[in-house]
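Inspection log for the structure reproduced underneath, given as structure tokens.
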Amino acid sequence: MLRPVYILTALLLGFSSVATVADTVEVTVRVDKPGAQISRHIYGQFAEHLGRGIYEGVWVGKDSSIANERGFRTDVIDALKNLRIPNIRWPGGCFADEYHWRDGIGPAEKRPVKVNNHWGGVAETNAFGTHEFFDLVEMLGADAYIAGNLGSGSPREMMDWLEYMTADNESSLAKLRRQNGREEPWKVAFWGVGNESWGCGGNMRPEYYADLYRQFATFLKSPDGNRPKKVASGGYNDLTDWTDVLSQIPSNIDGISFHYYTLPTNNWDKKGRSTGFPEREWISHLANTLKIEGHIKNNIAILEKNDPEGKIGLYVDEWGSCYDPEAGRNPGFLYQQNTIRDAVLAAVNLNIFHRYSERVHMANIAQMVNVLQAMILTEEDKMVLTPTYHVFEMFTPFQDSTFIPVEIDSSPEISSGEITIPAISVSAAKGAEGKIHNSMVNLDPRTKHEIKAHFTGFKVNEASGRALSGEQMDSHNSFTAPGVVSPVAISAKSDEGNIHVVLPAKSVVVLTVE
Ligand code: AHR
């Protein structure tokens, strides 16, 4: 058995992974022990009325000089199509619990202009509303995940919104929808009953929210064949009490949400920078993100206790990196740069979601365009794909694949001060076409690592794949240099049923074996 030898030398800088003699890391891919389906909904997106996420990011309006189709930026829509987005959560976030859907229907010039209280106090024109959202999801072939307003709305307002979307008869709300241009009902796949009800959604206790959930969910009715899965607003970070209370609701519940944001410093007043960060924040950021696995496990243990039949899913419907606001930008807009560190973080999280796919039925990265850990950044008529975009594109074969367990024979580790984390994260899955897809992540910012993968119960013929890496820890794409971090082909050797591949430092590799 080969054992990695990894020499850690303390540096004055505080980051200790310098001298390295990296041996081969042996990995066994247990194709003979397939697990649950990895739901495509783990690759969900989140698009809130926040900063330039919707307006400017996705929607510019029909009269814009920026190339658009029915008001949607054609560059952004074309790029998003490559991600095979399974669902989009909308209209928030915190915005959802202040959103009144009737403000966003009918002729645009007659829609009321409101204040977006949560996000910068800017004017919300309501130019983007229900019809525009469904136009977007239908263009992208995605499912709609509506976040309903429980915090400042009423059961009647919520039930009317669902009726407006789904009624197929002569009800006044169905007629109103038709009058506004949509004949057929829309398909509504998921319905969130409030958002972060412990905070911006109403500062509630779980017991009080659970009663409200039961009340609101009772009235969420729609025709057979168009019943959304209902998602209760759950906890965050290390909380499990929300999951505990909500999973005891006897019926009318399909999922409980869970939110986890990663900060390099874990300090919300000084989160850390998205670029130009020290090495210790490379490792602290990744160490903080890895903590999500413990939180998921703890919440799943509660679900196993209260819902042993496995009917209720854990929906990680907000996750990703969160940094200090960029200089010169509106801090309420949560715009941030996105580097190879974010790509590694995204891949590590996706590998974790794969591992718990039996209960993690959905995840939504925050957020799709121009906000937090975005897929795409825009500036007027320019657009750039972020390293995180490339991870989502490279991982598309994992959507609806079958989880395959992976055993890593002693991963090398990287350390900084008190913090030590594994340098390697691997996940595998079998696609419907019979190929084995492997996502291999090297969290080490300095050293490449060779992987020798052995596949049990599978005859290996050949392997091909792509790698995403960067020269610097904060390598990123910009409007002037959009291709700095882009996937490139990577070679892998096969011998006697094993695959050998070298993962560059700070890289994400997706390798398909057939
Ligand atoms: O994604 C930004 C905000 O973070 C969301 O509106 C809220 O749900 C969370 O606190």
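The values are calculated or read from the model by the stated rules, or taken from the named source; none is laboratory data. In this text the structure is predicted, and so the values were computed from the model without any measurement. Cβ sites come from the backbone with ideal geometry, for glycine too, and all protein chains shown count toward neighbours. Calculation scope for accessible area: heavy atoms of the full protein, side chains included, ligands and nucleic acids excluded. Shrake-Rupley method; radii C 1.70, N 1.55, O 1.52, S 1.80 Å.
Tabulated results
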| read-out | value |
| --- | --- |
| Accessible area of Thr386 in the full protein assembly, 1.4 Å probe (Å², nearest 10) | 0 |
| Surrounding net charge for Asp75, when Lys and Arg each add one and Asp and Glu each subtract one, Cβ distance under 13 Å | -3 |
| Test item: Cα-centred dipole of the range 375-514, Lys/Arg +1 and Asp/Glu -1 on Cβ, debye | 260 |
| Where the range 130-244 is the region considered: accessible area per residue in Å², 1.4 Å probe | 41 |
| Centre separation in Å (Cα based) which lies between the range 231-310 and the range 180-209 | 19 |
| Dipole of the range 169-263, positive end: most advanced residue of Ser197, Trp186, Tyr209 [Cβ charges, Cα centre] | Trp186 |
| Rh (Kirkwood; distinct C-alpha pairs) - the range 311-388, Å | 13.6 |
| No Cys partner within the rule (Cβ under 4.7 Å), the chain | Cys322 |
| Summed residue charge, Cβ within 14 Å of Asn237's Cβ, Lys/Arg positive, Asp/Glu negative | -3 |
| For the range 408-514: lysine pairs under 25 Å (alpha-carbon distance), excluding those fewer than 8 apart on one chain | 12 |
| Check: the range 317-375 dipole with +1 on Lys, Arg Cβ and -1 on Asp, Glu Cβ, in debye | 120 |
| Acute angle (nearest 10 degrees) that the helix 130-140 long axis makes with the longest principal axis of the chain, alpha-carbon atoms | 30 |
| Inverse of mean 1/r across different Cα pairs in the range 425-514, Kirkwood, Å | 13.9 |
| ³J(HN,Hα), Karplus 6.51/-1.76/1.60, whole Hz, each residue of the range 112-128, x for Gly, Pro | x, 9, 10, 9, 7, 4, 6, 10, x, x, 7, 6, 9, 7, 6, 4, 9 |
| Dipole axis of the range 346-401 (+1 Lys, Arg; -1 Asp, Glu on Cβ), positive-most option in Ile352, Met394, Met375 | Ile352 |
| Given charges at beta-carbon only (K, R positive; D, E negative), |dipole| of the chain in Debye | 200 |
| Rounded percent of accessible protein surface that carbon and sulfur make up, the chain, 1.4 Å probe | 49 |
| Within straight-line cross-link reach of Lys175, lysines at Cα separation under 21 Å, skipping those fewer than 8 residues along the same chain | Lys110, Lys187, Lys221 |
| Arg182 accessible area, assembled protein chains, probe 1.4 Å, Å² | 50 |
| Helix 340-355 vs. the chain, principal-axis angle (Cα, 0 to 90°, nearest 10) | 80 |
| Size descriptor, Kirkwood hydrodynamic radius, that averages inverse alpha-carbon separations across the chain, Å | 23.6 |
| Part-to-part distance (alpha-carbon centres) for the range 79-117 and the range 405-471, which is given in Å | 38 |
